[in-house]
1. Starting from residues that are within 8 Å of chain B (Cβ to nearest Cβ) and not in a strand (DSSP E or B), keep the ones in segment A:6-33 and report whichever is least open to solvent (accessible area, probe 1.4 Å).
2. What residue, among those in segment B:369-396 that are closer than 30 Å to A:K157 by Cβ and charged (D, E, K, R), is surrounded by the most Cβ atoms within 10 Å (Cβ to Cβ)?
3. Name, by its number, the condition in (1) of a type outside the set (A, V, I, L, M); (2) within 21 Å of the chain's Cα centre (by Cα); (3) open to solvent by 10 Å² or more (accessible area, probe 1.4 Å) that does not hold for B:C399.
4. Give the residue that is nearest to B:G361 (Cα to Cα), with candidates limited to residues of segment B:412-427 that are open to solvent by less than 10 Å² (accessible area, probe 1.4 Å), within 9 Å of another protein chain (Cβ to nearest Cβ) and in a helix (DSSP H, G or I).
5. Out of all the residues in segment B:267-288, is one or more free of Cβ contacts under 8 Å to residues at least 12 places away in the same chain and not assigned by TED's automatic domain parsing to the domain that holds B:K13?
6. Could you list, in sequence order, all residues of segment B:306-318 that are open to solvent by 20 Å² or more (accessible area, probe 1.4 Å) and of a type outside the set (V, I, T)?
7. Just checking, which of B:S441, B:S456 is exposed (fewer than 14 other Cβ atoms within 10 Å of the Cβ), over 28 Å from B:I360 (Cβ atoms) and over 21 Å from the mean Cα position of the chain (by Cα)?
8. Exactly one condition in (1) in contact (Cβ under 8 Å) with a residue 12 or more places away in the chain; (2) outside any loop (DSSP other than H, G, I, E, B); (3) open to solvent by 20 Å² or more (accessible area, probe 1.4 Å) is not met by B:E258; state its number.
Amino acid sequence: MKYISTVKGEKYVIDIDQEGRITVDEQTYEIDVQFLSDSGVLSLLLDKHSIEAIVEERDDTWEVLIHGELYTVLVQDERAFRLEKEQGTSFDVSGDAIVKSPMPGLIIDILVEAGQSVEQGEKVVILESMKMENELRSSRDGVVAHVYVSPGASVEKGQALVAISSPPSDQS
Amino acid sequence: MSREDLHSKKFDKLLVANRGEIAMRVIRACHELGIKTVAVYSDVDRKSPHVRYADEAYNIGPAPARESYLNIDKIIEVAERSGAEAIHPGYGFLAERATFAQACYDAGLVFVGPSPYAIRVMGDKLEARRTVREAGVPIIPGTELGLDDGELLEAAPKIGFPLLVKASAGGGGRGMRPVHDPAGLPDALDSARREALAAFGDGTIYLERMISEARHIEVQVLGDFRGNYIHLGERECSLQRRHQKLIEEAPSFVVDDEMRGQMGAVAIEAARSVGYVSAGTVEFLVDKGKRFYFLEMNTRVQVEHPVTELVTGVDIVQEQLRVARGRMLRYSQDDVKLHGWAIECRINAEDPYNEFLPSIGTITTVILPTGPGVRVDTGVFPGYEVTPYYDSLISKLICYGETRGEAVLRMRRALEEYRIMGVKTNIPFHQHMMDSHRFLSGSFDTNFVEERFSMSDREAPDALQAAILATLVAHRQGQQASQIVAPGERDTSNWKWLSRWERLSR
């Protein structure tokens, strides 16, 4: 069976139909994979190179921990990959980028107001959580379309805080 | 202050007024000394190891610290109910609140730590400065308390620029403003005072000379009720981010035997100036010319105490317990010899690739590094939830070597072995630091992490392997899912099912 697996923006075409072998981007490797109980710990021998890793599913992607580094991998079979390609990637219904709260916490400050231009990486919200003040930044250049919360508000993980639309020049 | 209001007595049962790794640390020391332990826990900590390892455990309320771990009345009540005769506060929470130490004394309980007086004096930055200066301890040149803006503006040129506007009640960088020229001073005074008032309810500010390219080096001291003091050498704590220490080591790259002796003697004088008893830490700023200035004294056991334990062989928490039981220190200064090198990495639940944002979630898998020269102090386990209620420290990874180089190599190896899944951790940050030339050459100051260290040049060497592993697991899951569904549909023909099964597992 063929899969298209994406990690760090890189796509790998992986064919795992053969016994004891795997083909990645047309290069074939000898593999032996062993699952250590159900804890997600795996031992992989890839052309005799030994790699221990932990693999867990999270929000439709796979998290793989190797040598201290955490990789997020999107695994799609050919059909799912083609389907997504045809549809194109949808951003957000309104086209706005939403700054969401990455964790539950308390809004300390909102540094922008509706109508204001922001640059990618600009501080937008200060959120206090785990005894620390955390700076949340805009993921793109644009204009603040909406501010959903005010200072002092308690927010949940994933809650929308600020919407940022594309700059006016792009829309005209 | 007098020694009469302190008290110590032999005790056989102790309450640990804390959670997480430090509660575990105290429980272990108690059990080694044959002292029974009483744990307290909030609603979310029932399954935590400090509850499981203690001899007794009592729920003290909801998750928010102010309703549980900061609830003095409740903790004293549990001590009385359980028959505990002493309380160890750990670090954080109530450890540096003079009112808590006082409440323990008032209830006839031994407080494992210094007197309420020592906690109070050292907890007030200006009073601490004044007290230690009178004892001959060098302090960073600055102004007195209670000056108005006019007097501060007048005093500034005498201190020299750049300088810092600081809040008397400040901490964690709040209420602090760097000022590089006289023109910027009035605004800085205003904003520092406003921030201090908002954060601490006290708008008292003062000026202090800014030491550039400074290192943060601290000295561990121990004192007993007979007035004996020793120091256990220094810890290098310059690698910080937003005033949170990330990596500590002992000894320091820049401190030689002579300087260590001088810093130690000064640290002991600072401790003696408040009649200090138990373990304490005197923090210094060290400038380029290796001149050192008193910064503050932490009146508790420190997070980073293990690096000192590894290079001196002294069990600091056991020593705290002995002293609190009325015994003399086991060591004289001549007994204290440094041997080898130790490094500690604080493993936090935060994302080093995304502004070190805390990572909330449930830890699913933990595999600890082991082997020669590796120590892990931790309070988390598979199933542990990292919540917004407490700090993000998952564990402390401490490595020892005969030399600094050996300690670094061990740390690299241990970081690679450490597996924590479920939340993001700053392990890649530590790995990147252990590879950096600046760290290896020991040339860094307190601004290094924030100003000159970046994760963006870190490579991801195992991306291909990650892709393969994820694909293999996804494939296996797909297979299993169809096999689970399959038996229910097997009513028509076993042969049909078999051929399908063969196709799937081909």
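The values are calculated or read from the model by the stated rules, or taken from the named source; none is laboratory data. Note that the structure is predicted; figures quoted are calculated from it, not measured. Neighbour counts are summed over all protein chains in view; Cβ atoms, including those assigned to glycine, are modelled from backbone coordinates with ideal geometry. What goes into the accessible areas is simple: the full protein's heavy atoms, side chains included, and nothing from ligands, DNA or RNA. Shrake-Rupley method; radii C 1.70, N 1.55, O 1.52, S 1.80 Å.
1. Among those residues, the one meeting the criterion is A:I16.
2. Only one residue fits best here, namely B:K396.
3. Against the list (1) of a type outside the set (A, V, I, L, M); (2) within 21 Å of the chain's Cα centre (by Cα); (3) open to solvent by 10 Å² or more (accessible area, probe 1.4 Å), B:C399 comes up short only on (3).
4. B:I427
5. So far as segment B:267-288 goes, no, none of its residues is free of Cβ contacts under 8 Å to residues at least 12 places away in the same chain and not assigned by TED's automatic domain parsing to the domain that holds B:K13.
6. Residues of segment B:306-318 open to solvent by 20 Å² or more (accessible area, probe 1.4 Å): B:310, B:312-313, B:315, B:318.
Across segment B:306-318, the qualifying residues are B:L310, B:G313, B:D315, B:Q318.
7. Numbers: B:S456 fails: over 28 Å from B:I360 (Cβ atoms).
Answer to the check: B:S441.
8. (1)
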